[in-house]
Amino acid sequence: MGRPDVQIVWFKRDLRVHDHASLTAAVSTGSPVLPLYVLEPSLIAHPHTSPRHIELALDGITDLRESLAALGAPLVVRVGEVVDVLEGLFEQVAIDTVHSHEEFGTVATWERDHAVATWCRTRGVRYREHRQSGAMRGLTSRDAWSQQRMRLFNQPLHRRPAAIRPTEVAPGPIPELRDLGLTAETMDYRQQGGENRGREVMRSWLKERVSGYERHLSSPVSGWEGCSRLSVHLTLGTVSAREVHARVQARKGEPASPKFSLKAFEERIAWRDHFAQKLEDAPHIERSALHPAFDALRPAKPNPEALDAFTQGRTGYPMVDAVLRSLAATGWTTFRMRSMVTSFASYDLWLPWQETGRVLARWFTDYDPGIHWPQIQMQSGITGMNALRIYDPVKQQIDHDPTGEFVRKWVPELRDVPDSLLATPWLVATGERHGYPDPIVDHAAAVSQAKRRIGAVRAQIRGDGSTKALLERHGSRRPPPARRRR
Ligand SMILES: Cc1cc2nc3c(=O)[nH]c(=O)nc-3n(C[C@H](O)[C@H](O)[C@H](O)COP(=O)(O)OP(=O)(O)OC[C@H]3O[C@@H](n4cnc5c(N)ncnc54)[C@H](O)[C@@H]3O)c2cc1C
């Protein structure tokens with residue numbers, strides 16, 4: 001074997017050829033490039049992973065293989081643990097560098113990346129992690145965070161390479177779900193993955209759909225088209241957040257652009273990184289509370305009856321059940337509806353947030369640990385630094401599904417219930433509810449008990465400086481928004 005020159009580009013949550021820092025760096029060396037994706041059994045078996053996530057990844061790698069093949073080097077796909085796959089490739093080609101993106105994921109992906117770095121060191125291979133997120137490793141202060149983030153976002157986008165010098169390594173087959181020991185879930189609809197699809201969603205969003213975004217942010221009905229639906233693409237990196245940001249700036253500069261909607265959207269793209277930074281700075285929050293005083297608040301083991309009602313969408317609150325059933329069947333809902341079901345699980349059902357987070361992570365096609373775990377903690381009242389956000393499911397239904405279109409679709413048992421009672425079907429005779437259950441808890445009573453329990457922990461930590469320290473470490477430096485009604 002000659003002098004090591006092969007550049008491996010190890011694709012993870014960056015399944016694209018546009019604005020790809022690792023690919024740009026590898027191609028710029030002029031050496032042969034080996035684009036690699038590894039389907040890792042340990043991550044496939046992870047409790048937060050579901051078959052729908054793997055299907056989306058398979059969409060992404062199928063699309064990426066074609067795009068890379070057109071540039072000269074098709075994606076090499078392997079099934080195995082990454083270090084074992086790298087060791088196998090090391091026997092075949094002279095590896096100079098492994099490039100990957102800096103991932104802000106779970107403890108499992110962090111440990112995996114660490115193992116790759118160690119393997120590279122022992123094999124004398126260089127390991128370069130390239131930034132694609134506004135979150136940062138080793139951040140010491142949040143003070144200039146936004147400015148530091150903008151420095152990355154304002155750099156020019158990486159152009160798709162014109163051509164890639166390939167290696168002799170065979171691309172290998174792209175497995176199907178069943179080859180990985182998985183069975184496809186029964187879903188009514190699943191968003192399609194892949195860079196081409198992602199770019200089309202980005203185009204249609206900014207050209208045709210973004211106007212009026214702020215009006216659709218909460219509704220599970222109008223949010224379906226009225227939100228960007230870019231989350232699966234941002235999560236798998238089939239679009240680059242930097243490119244989204246750049247296109248938003250360009251759109252803002254067009255005559256008569258919907259500036260307010262674009263600004264609201266741009267803020268949310270920044271929130272992604274703000275939350276990912278929290279997970280990076282406190283990786284334990286995937287498992288334990290940001291503020292340790294809240295760790296023992298809820299029982300470690302869920303009440304099986306309550307968990308069952310939650311996972312089956314049979315809590316007796318129509319809006320909660322409709323959202324839960326729609327999530328199981330489609331993998332997506334709006335921010336407010338995600339907040340409402342988390343609030344219901346954490347306050348009304350008093351379920352351990354880790355369990356709710358796991359159920360929702362498996363349902364969300366856009367599961368992104370950097371957003372998910374900080375949000376789950378925030379909506380469960382255990383950060384020690386955020387105001388309690390408790391949602392009233394009856395009010396949410398009246399506000400966001402006033403005609404009952406959404407609830408009737410997902411809770412067809414309530415088809416005969418008149419509009420005026422659809423949010424409170426327990427007031428209707430049992431026979432007219434076609435088996436739909438009574439509420440599993442009394443919302444007002446459950447919430448008042450939850451507030452008492454949380455208030456007791458808050459009283460213990462009041463004035464001990466812990467909240468101030470958490471705000472200093474993780475808090476946004478922007479002034480808080482005006483208080484809204486829940
Ligand atoms: C309990 C809970 C868990 C969540 N888990 C996830 C998750 O696993 N993956 C995920 O992508 N989003 C998550 N969200 C945030 C939000 O609900 C989704 O990003 C959004 O609904 C996705 O749809 P969209 O792409 O059409 O969003 P848009 O409203 O069009 O927003 C554009 C993008 O901005 C980012 N974004 C939007 N809202 C937020 C927010 N509140 N915090 C951080 N980033 C945001 C997302 O990347 C989103 O794709 C969670 C919210 C809650 C309350």
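The values are calculated or read from the model by the stated rules, or taken from the named source; none is laboratory data. Just so it is clear, the structure is predicted and the values come from calculations on it, not from any experiment. Every residue, glycine as well, gets a Cβ built from its backbone with ideal geometry; the counts of neighbours run over all protein chains shown. When the accessible area is computed, the model is the full protein with side chains, heavy atoms only, and any ligands, DNA or RNA have been set aside. Shrake-Rupley method; radii C 1.70, N 1.55, O 1.52, S 1.80 Å.
Quick one: Cα centre-to-centre distance for the range 331-404 and the range 161-177, in angstrom?
When both Cα centres are located, 40 Å separates them.
With only alpha-carbon atoms counted, please give the Rg and Dmax of the range 1-132, in Å.
Gyration radius and largest Cα-Cα distance of the range 1-132: 14.1, 43 Å.
Divide by every residue of the chain the summed helix terms, -39500 (n - 2.57) for each DSSP H run of at least 4, and state the resulting mean residue ellipticity at 222 nm, rounded to the nearest 500 deg cm²/dmol.
-13500 deg cm²/dmol
Starting from the eigenvalues of the Cα gyration tensor, five times each then square-rooted, give me the equivalent ellipsoid semi-axes of the range 185-284, largest first, whole Å.
Three semi-axes, in Å: 22, 19, 15.
Provide the descending list of Cα extents for the range 286-474 along its principal axes, expressed in whole angstroms.
For the range 286-474, the Cα spread along each principal axis is 55, 34, 30 Å.
Accessible area per residue for the range 40-133 in Å², computed with a 1.4 Å probe and the full protein assembly in place, what is it?
39
Tilt of helix 107-123 relative to the longest C-alpha principal axis of the chain, in degrees (0 to 90, nearest 10)?
So the inclination is approximately 10 degrees.
Report the extension gain between Gln148 and Ser28 in nm, rounded to one decimal, defined as 0.36 nm multiplied by the number of residues separating them, less their alpha carbon distance.
40.6 nm
Sum up the charges of everything whose Cβ sits under 15 Å from the Cβ of Glu91, counting Lys and Arg as +1 and Asp and Glu as -1, but leave Glu91 out.
Net charge in that neighbourhood comes out at -1.
Could I have the simple spin-label model distance between Lys451 and Arg128, label points 7 Å from Cα toward Cβ, reported in nm to one decimal?
Distance between label points: 5.6 nm.
To check my understanding: the extent here is largest minus smallest coordinate of the Cα atoms along each principal axis. What are those three numbers for the chain, in Å, largest first?
Dimensions of the chain along the principal axes of its Cα atoms: 79, 52, 52 Å.
Quick one: pull the percent of accessible area on the chain belonging to carbon and sulfur, 1.4 Å probe, ligands and nucleic acids left out.
It is 53 percent, rounded to a whole number.
Given the pairs Lys12/Lys278; Lys12/Lys409; Lys278/Lys301; Lys263/Lys468, which span a C-alpha to C-alpha distance of over 28 angstrom in this model?
With Cα atoms farther than 28 Å apart: Lys12/Lys409; Lys263/Lys468.
Short version: what are the Cα gyration tensor semi-axes of the range 136-201, square root of 5 times each eigenvalue, largest first, in whole Å?
For the range 136-201, the semi-axes come out at 35, 23, 16 Å.
List the trypsin sites (Lys or Arg not before Pro) within the range 396-464 that DSSP assigns to loop and that have no more than 16 neighbouring Cβ atoms inside 10 Å.
Passing both the DSSP loop test and the Cβ count: Arg415, Arg462.
Go through the range 34-127 and name the chymotrypsin sites (Phe, Trp or Tyr not before Pro) that are in a DSSP coil and have 12 or fewer other Cβ atoms within 10 Å of their Cβ.
Answer by residue number: there is no such site.
In debye, nearest 20: dipole of the range 185-284 around its Cα centre with unit charges on the Cβ of K, R (+) and D, E (-)?
Using Cβ point charges on Lys, Arg, Asp and Glu, the range 185-284 gives about 360 debye.
In whole Å, how far is the Cα centre of the range 1-42 from that of the range 61-113?
Centre-to-centre distance over Cα atoms comes out at 7 Å.
Set the Förster radius R0 to 22 Å, insert the Cβ-Cβ distance between Glu225 and Thr311 as r into 1/(1 + (r/R0)^6), and round the FRET efficiency to 0.05.
Calculated transfer efficiency: 0.20.
How charged is the neighbourhood of Ser22? Take every other residue with its Cβ under 9 Å from the Cβ of Ser22, and add Lys/Arg as +1 and Asp/Glu as -1.
-1
If R0 is 45 Å, what FRET efficiency do you get for Ala387 and Asp84 from their C-beta distance, rounded to 0.05?
With a Förster radius of 45 Å, E is 0.45.
About the Cα centre of the chain, how large is the charge dipole given +1 on each Lys and Arg Cβ and -1 on each Asp and Glu Cβ? Please answer in debye to the nearest 20.
Dipole magnitude for the chain comes out near 1820 debye.
Once the Cβ-Cβ distance between Ala250 and Lys395 is put in as r, and R0 is 45 Å, what FRET efficiency do you end up with, to the nearest 0.05?
After rounding to 0.05, the efficiency reads 0.70.
Once the other residues with Cβ under 11 Å from the Cβ of Leu157 are scored (Lys, Arg +1; Asp, Glu -1), what is the net sum?
Its environment carries a net charge of +2.
Of Gln375, Ala117, Trp353, which is farthest towards the positive pole of the chain's charge dipole, taken about the Cα centre with +1 and -1 on the beta-carbons of Lys, Arg and Asp, Glu respectively?
The listed residue farthest towards the positive side: Gln375.
Could you give the length gained by full extension between Asp419 and Asp442, i.e. 0.36 nm per residue of separation minus their alpha carbon distance, to one decimal place?
My answer for the length gained is 6.1 nm.
Of all the Cα-Cα pairs you can form in the range 87-151, what percent are over 15 Å apart?
Roughly 61 percent, rounded to a whole number.
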